[in-house]
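Have a look at the structure below, then the notes.
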Amino acid sequence: MIDTREIALSTTDTRPRVPAARLATRRKAGRESDENDDRAIVGSRPRFALADGAFTTARPEVWAEILAWAFVVDGLDVLDLDVLEELRADWARRVHDEQLPWYALAKLQSGGAAAFVGVDVDVVGHRYQVVAVGDSCLLHLRAGRVIAAGPLDHPSQFGSRPPLISTRAGDRSHGDSIWAAEKPYLSGDQLVLASDAAAKFLLKRHHSGELLDLSAVPWNDCDFRVWVTAARQEGMDNDDTTICLVEP
């Protein structure tokens, strides 16, 4: 489970300033407390990532964590094919267990999969680079309005079979669905990484003319749970829900 956190380096630190970042997550209603396939990471460098494991695949939470960790902590291009093969091998090592029943071992053969969005912020040049596959999205907000979004930018684009990054060796099926962009930002802008349920919900509010202010979202676990419950009552899909707010 992802802990809610806020990170900001001291002004005396000699490393590049890391934008303030807050994140929170809530599992799908009806699942156990440890059944959340989303993973989001903020680290000691201006990189942020969110990966949403596909629950119908094998050990998706492990794959989501590997992708997010590799991008943020290790600073890797997780979509580089050579890097991706190493990450896939790491997933295979982590999940393999000869003591598993035959049906679990058979499922592992089919592999895991995840949607992914990663953002690298250039705090000196006031620009960011984003790369994503699937329906975990970045929303760039200015004064409460979405001025850029991707890979999806309208709620009607969300579906049940998004492109995903697979753990299967040699799989390149996600290649034609990679979304990458580089854009400037202004002081006061907000960069929002959101898993599919949250992204769709926020885009629906945006396209209905509402202003979005993610700083108003409660980031402690208890209050975020209340916020998610209310959002689901307003129409947000019942799915693992994770939001990471970056204020560069």
Self-check item: Computed label-point distance, nm, for sites residue 90 and residue 210 using a 7 Å Cα→Cβ extension
Solution: 3.7 nm
Self-check item: Helix-derived mean residue ellipticity, 222 nm - over the chain, DSSP H n ≥ 4, -39500 (n - 2.57), to 500
Solution: -8000 deg cm²/dmol
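Plugging the Kirkwood radius over Cα pairs into Stokes-Einstein for the stretch 107-248, at a temperature of 10 °C and a viscosity of 1.306 mPa s, what D comes out in µm²/s? Provide the component values of the computation, followed by the final result.
Working: Rh = 16.0 Å.
D, rounded to a whole number, is 99 µm²/s.
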Practice problem: Provide the gained length on full extension for the span residue 147 to residue 20, in nm with one decimal, where the gain is 0.36 nm per separating residue minus the Cα-Cα distance. | Solution: 43.7 nm
Quiz item: Against the longest principal axis of the chain, how steep is helix 81-95, in degrees 0 to 90 to the nearest 10, with axes from Cα atoms?
Solution: 60 degrees
Self-check item: Helix axis angle, 221-233 relative to the chain longest principal axis, alpha carbon, degrees
Solution: 90 degrees
Quiz item: For the charge dipole of the stretch 23-158, defined by +1 on Lys and Arg C-beta atoms and -1 on Asp and Glu C-beta atoms about the Cα centroid, which residue among 136, 146, 83 has the Cα displaced farthest towards the positive pole?
Solution: 146
Quiz item: In straight Cα distance, which lysines are under 20 Å from residue 200, not counting same-chain residues fewer than 8 positions off?
Solution: 28
Exercise. Please work out the C-alpha center-to-center distance from the stretch 181-217 to the stretch 27-42 and express it in whole Å.
Key: 21 Å
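Equivalent ellipsoid semi-axes for the chain, as square roots of 5 times the alpha carbon gyration tensor eigenvalues: give them largest first, rounded to whole Å.
Details: eigenvalues 154, 92, 60 Å².
Taking √(5λ) for each Cα gyration eigenvalue gives 28, 21, 17 Å.
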Self-check item: Using alpha carbons only: equivalent-ellipsoid semi-axes of the stretch 72-117, gyration tensor based, whole Å
Solution: 25, 11, 9
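First obtain the Kirkwood hydrodynamic radius of the stretch 52-145 from its Cα pairs, then insert it into the Stokes-Einstein equation at 4 °C and 1.567 mPa s, and state the resulting D in µm² per second as a whole number.
Diffusion coefficient, whole number: 87 µm²/s.
Near residue 77, within a Cβ-to-Cβ distance under 12 Å, what is the net charge of the other residues, with Lys and Arg +1 and Asp and Glu -1?
On the way: positive: 47; negative: 74, 80, 82, 86, 120.
Every neighbour counted, the sum reads -4.
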Quiz prompt | Residue among 20, 114, 54 with the largest mean-square fluctuation in a Gaussian network model of the chain, springs linking Cα atoms under 10 Å | solution = 20
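Assuming 0.36 nm per residue, please report the length gained on full extension of the stretch residue 45 to residue 225 beyond their Cα-Cα distance. Spell out each step's value before the answer.
Working: separation 180, 0.36 × 180 = 64.80 nm, distance 2.83 nm.
Result: 62.0 nm gained on full extension.
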Self-check item: Point-charge dipole on Cβ atoms (K/R +1, D/E -1) for the stretch 118-239, about Cα centre, debye to 20
Solution: 180 debye
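Heavy atoms only, probe 1.4 Å: what % of the accessible area of the chain goes to carbon and sulfur, would you let me know?
Working: 5700 of 11840 Å².
Carbon and sulfur together cover 48 percent of it.
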Quiz item: So how many Å³ per residue does the convex hull of the Cα atoms of the stretch 143-203 work out to?
Solution: 115 Å³
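May I ask you to give the solvent-accessible area per residue for the chain, in square angstrom, as obtained with a 1.4 angstrom probe? Show your work: numbers first, answer last.
Details: 11840 Å² over 248 residues.
About 48 Å² of surface per residue is accessible.
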Quiz item: Taking the Cα centre of the stretch 129-177 as the origin, how large is its charge dipole in debye, to the nearest 20, when only Lys and Arg (+1) and Asp and Glu (-1) carry charge on their Cβ atoms?
Solution: 80 debye
Exercise. Evaluate the charge dipole of the chain about its Cα centre and quote only its size in Debye, nearest 20, assuming +1 on the Cβ of each Lys and Arg and -1 on the Cβ of each Asp and Glu.
Key: 400 debye
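Could you rank the peptides 65-72, 204-211 by their average count of other C-beta atoms within 10 Å per residue, with the highest value first?
Descending mean neighbour count gives 65-72, 204-211.
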Quiz prompt | Rough spin-label spacing in nm, given labels placed 7 Å along Cα→Cβ, for residue 80 and residue 181 | solution = 2.5 nm
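The values are calculated or read from the model by the stated rules, or taken from the named source; none is laboratory data. For clarity, every value in this text was computed on a predicted model and none was experimentally measured. Please note: Cβ atoms are built from the backbone with ideal geometry, for glycine as well, and neighbour counts cover all protein chains shown. Keep in mind that these areas ignore ligands, DNA and RNA; they rest on the heavy atoms of the full protein, side chains included. Shrake-Rupley method; radii C 1.70, N 1.55, O 1.52, S 1.80 Å.
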